[in-house]
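Presented below is the structure to which this report refers.
The values are calculated or read from the model by the stated rules, or taken from the named source; none is laboratory data. Please read these numbers as outputs of a predicted model, since none were measured by experiment. Positions of Cβ are backbone-derived with ideal geometry, glycine not excepted, and every protein chain shown enters the neighbour counts. Heads up: the accessible areas ignore ligands, DNA and RNA and are worked out on the full protein's heavy atoms, side chains in. Shrake-Rupley method; radii C 1.70, N 1.55, O 1.52, S 1.80 Å.
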Amino acid sequence: MKLPQIETLLMGNQYLGIEHYTCNQEEKIALVAVKNKKEGLLIEKKDKVPYKGEIAAKWDKSLPYFLVINTNQVLQKEVPYTDPSDEKLINKAFPNTNWDTFYYEIWRLKSKTIVAITRKNYLEELIQNYNKQQIAITGISLGTCAIADLRKYSTYDALHTNHQIIANNELETIVSTSTEELSTVSYDINNLSIPNAQLLAFSGIIRLVSNFTSNTGSIVVLSSIKKEEYLQQRFFSKGSKIMLGALLVLLLINFLCFSHYYKASQEATEKIAIHQVDLQNLASIKERVKHKESIVQNVFEKKGSQTSFYCNAIAEIVPASILLSELEFNPLEKKVKNEESIRFIDNTILINGITKDNTAFTNWIETIEKKYWTSKVVITHFGKNENNETEFGVKINLK
């Protein structure tokens with residue numbers, strides 16, 4: 001049975017997008033809460049308010065947030081051509097710039113390119129402020145670049161944000177900026193009415209839900225890091241709750257079993273008092289059971305130590321670009337059936353997961369093959385899944 005995608009479970013089906021923008025020398029934020037339902041995306045809540053350094057309590061701070069920075073701290077330029085090289089485009093747009101102090105994002109069109117930059121200290125200070133409010137930023141975009149992820153679904157000649165007009169005709173200036181806020185207008189895109197005030201914030205959520213963007217730049221890399229941090233935090237948070245719940249269930253089962261067997265023991269004691277012979281037989285049975293428990297315990301301790309050794313050895317060499325979803329030591333030879341003995345494939349480890357870097361995956365396999373405890377390494381499957389992620393399966397034979 002195929003398990004649900006771990007990332008989908010951790011991200012959930014609710015998202016929140018925020019656009020920081022500047023109008024009339026005042027910084028404001030436009031917020032939109034979106035739920036991903038079977039029928040499609042649904043806007044549950046939206047707002048537009050001056051930014052006072054905090055997000056109102058009515059917004060769920062446990063959700064994944066996508067941040068769009070569109071203030072006067074973001075510089076955005078249009079380059080009249082496109083090129084596969086990020087370096088050429090950013091140097092053309094902003095020559096003689098010290099890129100160690102800037103984040104940048106590049107939006108490529110057919111014949112033009114939009115380059116947006118902002119200072120690292122400004123963005124990092126803003127993210128730190130969100131962290132203090134227990135808000136996790138899982139994606140970031142600069143200027144109007146996020147609209148690239150929504151524009152392909154639009155048939156409008158132009159799209160308005162809070163204070164910008166984004167043309168659909170590359171013969172014109174793509175992004176026109178106004179110092180005044182634009183009039184309120186809604187766009188019907190895929191049967192969903194989207195207000196222009198939340199257009200950029202919603203575009204960020206599209207990127208978060210689809211887990212894809214054609215844009216490039218250091219801000220895209222930073223977004224991937226922030227999303228990975230959020231997924232890890234959610235994994236440990238949910239994992240601890242599940243473990244706590246499982247512990248409580250085990251304690252309850254243990255209490256019920258104890259109560260049941262205690263009552264049974266009392267009844268047995270009364271019978272033993274009457275039948276001394278039965279008492280002797282029971283004592284003999286207990287000794288045999290105790291001996292068998294000792295044997296079973298020794299077997300499990302030995303197997304557990306082997307499992308821990310191999311899991312630790314493999315975990316130490318897993319690259320950051322590889323996400324393991326399953327690691328099974330001595331797997332079952334076949335499904336367990338009634339009245340049949342359980343058989344295991346000895347000295348075997350099965351690993352399943354997802355890789356984002358084929359070269360790193362190949363190097364990882366070669367590293368495993370060189371381990372002294374490895375006899376043979378076989379790649380059982382390798383290819384794209386329905387989410388366009390590269391899945392793999394590896395079988396390791398141990399010496």
*Do you know which residues across the range 313-351 are more than 29 Å from Asn363 (Cα to Cα) and either modelled with pLDDT of 90 or more or among the hydrophobic types (A, V, I, L, M, F, W, C) (or both)?*
Val336, Ile342, Phe344
*Evaluation of Pro195 against (1) more than 17 Å from Asn13 (Cα to Cα); (2) open to solvent by less than 10 Å² (accessible area, probe 1.4 Å); (3) not small (Gly, Ala, Ser) (one fails), failing number*: (2)
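Please verify whether Leu16 is touching a residue at least 24 places away in the same chain (Cβ under 8 Å), under 19 Å from the mean Cα position of the chain (by Cα) and over 21 Å from Ile147 (Cβ atoms), treating the condition exactly as stated. Before you say what the answer is, go through the steps one by one.
Working: touching a residue at least 24 places away in the same chain (Cβ under 8 Å): yes; under 19 Å from the mean Cα position of the chain (by Cα): yes; over 21 Å from Ile147 (Cβ atoms): no.
No, not satisfied.
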*Just a yes or no: is a residue in the range 362-373 among the hydrophobic types (A, V, I, L, M, F, W, C) and free of Cβ contacts under 8 Å to residues at least 40 places away in the same chain?*
yes
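Can you name the residue in the range 198-235 that is among the small types (Gly, Ala, Ser) and outside any helix (DSSP H, G or I) and, of all such residues, is most open to solvent (accessible area, probe 1.4 Å)?
Filtering the range 198-235 for residues among the small types (Gly, Ala, Ser) gives 201, 203-204, 210, 214, 217-218, 223-224.
In the following step, the residues that additionally are outside any helix (DSSP H, G or I) were identified as 214, 217.
Details: Ser214: 76, Gly217: 11 Å².
My answer is Ser214.
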_I'm told Thr184 meets every condition in (1) more than 30 Å from Phe102 (Cα to Cα); (2) of a type outside the set (A, V, I, L, M, F, W, C); (3) in contact with a helix residue (DSSP H, G or I) (Cβ under 9 Å, 6 or more places away or on another chain); (4) assigned to a helix (DSSP H, G or I) except one. Can you identify the failing condition by its number?_
(4)
*Could you tell me which residue of the range 332-349 is nearest to the chain's Cα centre (by Cα), considering only residues that are open to solvent by less than 100 Å² (accessible area, probe 1.4 Å) and of a type in the set (S, T, N, Q)?*
Thr348
_Neighbours by Cβ (under 7 Å, 6+ apart or cross-chain): first from the range 318-335, closer than 13 Å to Gly353 by Cβ; second small (Gly, Ala, Ser) and not in a strand (DSSP E or B)_ = Pro319/Ala360; Ser321/Ala360; Ile322/Ala360
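Which residue out of Leu231, Leu247 is farther than 30 Å from Ser154 by Cα and within 19 Å of the chain's Cα centre (by Cα)?
Numbers: Leu247 fails: within 19 Å of the chain's Cα centre (by Cα).
Only one candidate qualifies: Leu231.
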_Exactly one condition in (1) open to solvent by less than 20 Å² (accessible area, probe 1.4 Å); (2) in contact with a Leu (Cβ under 8 Å, 6 or more places away or on another chain); (3) in contact (Cβ under 8 Å) with a residue 40 or more places away in the chain is false for Ile135; which is it?_
(2)
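Please find, within the range 316-331, the residue that is surrounded by the most Cβ atoms within 10 Å (Cβ to Cβ) out of those that are in contact with a Ser or Thr (Cβ under 7 Å, 6 or more places away or on another chain) and polar (S, T, N, Q).
If we filter the range 316-331 for residues that are in contact with a Ser or Thr (Cβ under 7 Å, 6 or more places away or on another chain), which is where we start, we get 317, 321-322, 329-331.
Filter once more, keeping what is polar (S, T, N, Q): 321, 330.
Numbers: Ser321: 15, Asn330: 17.
Here the residue is Asn330.
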*asked:* Condition first: within 19 Å of Asp47 (Cβ to Cβ), at pLDDT 95 or above and of a type in the set (A, V, I, L, M). Now tell me which residues in the range 151-191 satisfy that.
replied: Val185
